[in-house]
Amino acid sequence: MTSAFTRAGGAVVAVVLLAACTGGAEPATPVSTPTSSATPEAPPAEPVVVQARLDGETVDLEVGPLAVHDGAGVLRLAAPTSYSTLAMAFWHVYESTGSPAPNGVRLVDLEAGTVTSVLRSTDDRVVATRNGSPEGPATEAADAAAGEDTTIVYAAFPVPDSPTVDVLLPEVGWVQDVAVVPASQAGTLTVPPAELVEGSLDEAETFVLEEFSEAHDGNVRARRTTEQVAVAVASDVLFAFDSDQLAPEADGALQAAAAQVAAHGGGELAVVGHTDDQGDDAYNVDLSQRRAATVAARLAELTDLTAFDVTVEGRGESQPVVAGTGDAERALNRRVELVLVPDVDADPVEVQAVEETGALPDPAGPTAPGATGLSVVDGDGTFDVRLPEVRRVGRYLVGALEVTNTGTDDLSLNALSGSAWDSRGSFDARLQFAPTNVTLVSTTTRWYPVDYLSDPENGRRDPLTDRIVNGIGPGETRVVTVVWPDPGTDTVTVDVAPRFRGGGGQLQVAGRAPFRLTDVPVVSG
């Protein structure tokens, strides 16, 4: 059994950031249920066991427990496979370029709407099994207890305040109800953080999940977190050039925005105008203020705002939503935003469900029921994709797409990505192999995968999905996990469609191999 890369008989190879990761996976299906030998009050120390397909081989993967040491919880992952296979499957190369490590694992609380990444040391090393981990007596005891045919890797996280956690594993999928136990109860199923990395642990970071959706015409874009709702309405549909008077077509977009506000019983509502970077700064501030005032007045006519504390302001060009000076970027930056912080003590509003009429937008590629699946041509390669169901967890939906490479060469699946842009249009080269363009679609709205600001200082987002989907060998199946906002329906339609950037929609940056999966049932999580 090997639990460090050097003991696996291999040397760490040089990392090419866009190189293919190895392995594939099938849906994570529990094959045993944790049973407790502890007292009724304490969570069990046994792992959850799921079937996973790693590097072309189906194995029983042990997930957990998450054992609480002083200041950190250490998650155990074990399987009868090689160290390189296990570490590579769970490796997020952009955060640990020097050595494969299970740093791509994340803890997710969909009830609270938060996600937690692997801890780092104060000298910026991941606190996980990696080349150069110091190891020690606990590692030796854990190895001996597991047996020589089992490989173990560990990843450390902030200590959760719940008896169980949900884990998102790259290439494997969503694993629920992993026990959180004291280290003393875990016994040989854990090691202390000091045997993973030398030095002190850095402060823990927990990130707030955000939801993003847009109308099919792109004129209304909504962002939701646990604290607030922000609805951006494109100025180009609201106003003529250099005008603060509403255009004739403005009401359709404002009615959609008003419906978002009316779904809450009260709170603080800021109506904020924004311009692009053209023209004089002072003039842009004044224009954005006047436009915000016009929108606020019309909203008050469309819905009752008496329960809201309404403020109006203009910020000119100072807060662009995306960087860049092209036509597409400037159009996104010209907007009026409604930023709502709901009053948690307000009486709930009974909102009538809106039955959507009309048809879905035309598909851009082949269409089939999710349980049946379909074949997709992706450049010189081909793959089959199916999605039998999605699971409702909290206010989110968790999907596990089954992608099988039916071609003769390794498959780099950037056909599912938004290219090197996130869902909102910001450039990020790390995302070119992430399934950010796998969306839910209705007759009026497109929902993108849930994401979070992993690097607020630089505006970088990580989707709540597998973050690198490539290197799928011929005949191999990979699970691609995606989490979406919950539209509240009994079935959903999953859509991968072209996205365009540049003036006049001349540059297609995503959806080069479009497809649609229909009638995907929503089941309880």
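With charges only on Cβ, +1 for K and R and -1 for D and E, what is the dipole size of the chain about its Cα centre, in debye, rounded to 20?
Numbers: 32 positive and 77 negative charges, 186 e Å.
That gives the chain a dipole magnitude of about 900 debye.
Over the range 367-524, calculate the relative contact order: mean separation of alpha carbon pairs under 8 Å at least 6 apart, over the residue count, as a percent.
29
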| said: Please list, in order along the range 399-409, the HN-Hα scalar couplings obtained from phi with the Karplus expression 6.51 cos²θ - 1.76 cosθ + 1.60 (θ = phi - 60°), rounded to whole Hz, x for Gly and Pro. | reply: x, 10, 5, 9, 10, 10, 6, 9, x, 9, 10
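Find the relative contact order for the range 146-189 and round it to a whole percent, using C-alpha pairs within less than 8 Å whose residues are 6+ positions apart.
Values: 26 pairs, mean separation 12.2, N = 44.
Over the range 146-189, the number comes to 28 percent.
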| Note, ³J(HN,Hα) from phi for the range 109-123, Karplus 6.51, -1.76, 1.60, rounded to Hz, x at Gly and Pro | 10, 6, 6, 7, x, 9, 9, 10, 9, 4, 4, 10, 7, 5, 9
| remark: Here, THR97 and ASN458, labelled 7 Å along Cα→Cβ, have an inter-label distance in nm of 1.0
| query | Is any residue of the range 155-181 close enough, with backbone N under 14 Å, to a label point placed 7 angstrom from the Cα of THR206 along the Cα-Cβ axis, and if so, which? | reply | 157-166
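Please state the shape class of the range 367-524: rounded when a/c is under 1.5, otherwise prolate if a/b exceeds b/c and oblate if not, all from the C-alpha gyration tensor.
The shape class here is rounded.
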| field | Selected from PRO163, GLY147, GLY132, residue furthest toward positive end of dipole (the range 128-167; charges at beta carbon) | value | GLY132
| Label-point separation, GLU227 to ALA429 (7 Å along Cα→Cβ), nm | 3.2
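So what is the relative contact order for the chain, in percent, with contacts set as C-alpha pairs under 8 Å and at least six apart? Don't skip to the answer; put the middle values down first.
Details: 1362 pairs, mean separation 74.3, N = 525.
This gives 14 percent for the chain.
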| Two-site label geometry, ALA145 and GLN319: point separation in nm, points 7 Å out along Cα→Cβ | 5.1
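Looking at the square roots a ≥ b ≥ c of the eigenvalues of the Cα gyration tensor of the range 176-282, which shape do they give, rounded for a/c under 1.5, prolate if a/b is larger than b/c, or oblate? Don't skip to the end; give the middle numbers.
Numbers: a/c = 3.98, a/b = 2.53, b/c = 1.57.
Prolate is the answer for the range 176-282, as a/c is 1.5 or above and a/b outweighs b/c.
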| note | If amide H atoms are modeled at 1.01 Å from N in the peptide plane, then the residues at a separation of 5 or more from VAL509, or on another chain, having amide H under 5 Å from its own are ARG499, PHE500, ARG501
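Looking at the range 70-163, which GluC sites (Glu not before Pro) are DSSP coil and have at most 13 other C-beta atoms within 10 Å of their C-beta? Display every interim value, and only then the final one.
Working: sites: GLU95, GLU111, GLU135, GLU140, GLU148; in loops: GLU111, GLU135, GLU148.
Passing sites in the range 70-163 are GLU111, GLU148.
Laboratory data are not the source of any read-out in this text; all were calculated from the coordinates shown. Since the model is a prediction, treat every value here as computed from it, not as a measurement. Ideal geometry is used to build each Cβ from the backbone, glycine not excepted, and the neighbour counts take in all protein chains shown.
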